[in-house]
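Written out below as structure tokens is the structure these notes cover.
Just so it is clear, none of the values below were taken in a lab; they were calculated from the coordinates. Keep in mind the model is a prediction, meaning the values are calculated, not measured. Neighbour counts run over all protein chains shown; Cβ positions are idealised from the backbone, glycine included.
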């Protein structure tokens, strides 16, 4: 059941070193390419990175919060051409979420690394850093990338009773959901 998968999916930052199989990579990419987009614009572009040196370089894409990428088996960079859609950010986020979820369904771990509107330690834009590192054209914007690999440890599933139900309202803001 999909809800069980969502409860089990957690952000994973420690990876086992076990290689991700080609079939699994193919399914992750298919999930991204099947993602809905505004008016079917499909503005996204994906760059798969499994070269250890490039993963090490990607780990330096932000001031903090991306170092763990050097230990991942792969990363998937999510970029888009904003000329194709004014909601390219949302389209990229949907594709990234789909990749997270299908990866979890294959017992892979993943973690989102925000790139858009972030900076490297030297003050350079994280987007520019990733664009230059991977040879992306100037018109592409980089939203994020996902670190992917087999988890070193298993994290506990989330419990439905721990969800923030107080953030859900019924008909009007401030009105509780009927029981």
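Mean-square fluctuations from a GNM of the chain, with a 10 angstrom spring cutoff on Cα atoms, peak among 67, 56, 23 at 23. Using C-alpha pairs under 8 Å with a sequence gap of at least 6, the mean separation divided by the residue count of the chain gives a relative contact order of 30 percent. For the stretch 2-56 versus the stretch 88-127, the inter-centroid distance based on Cα atoms is 9 Å. Angle check, please: helix 88-105 long axis (alpha carbons) against the longest principal axis of the chain (alpha carbons), in degrees 0 to 90, nearest 10. So the helix axis and the longest Cα principal axis differ by about 80 degrees.
With both residues required to sit in the stretch 2-165, DSSP beta bridges show an antiparallel share near 95%.
Note on residue 56 and residue 165: the model spin-label points, each 7 Å out from Cα along the C-beta direction, lie 5.1 nm apart. Helix 22-33 and the longest principal axis of the Cα set of the chain meet at an angle near 70°. With all pairs of different C-alpha atoms in the average, the Kirkwood value for the hydrodynamic radius of the stretch 28-179 is 16.9 Å.
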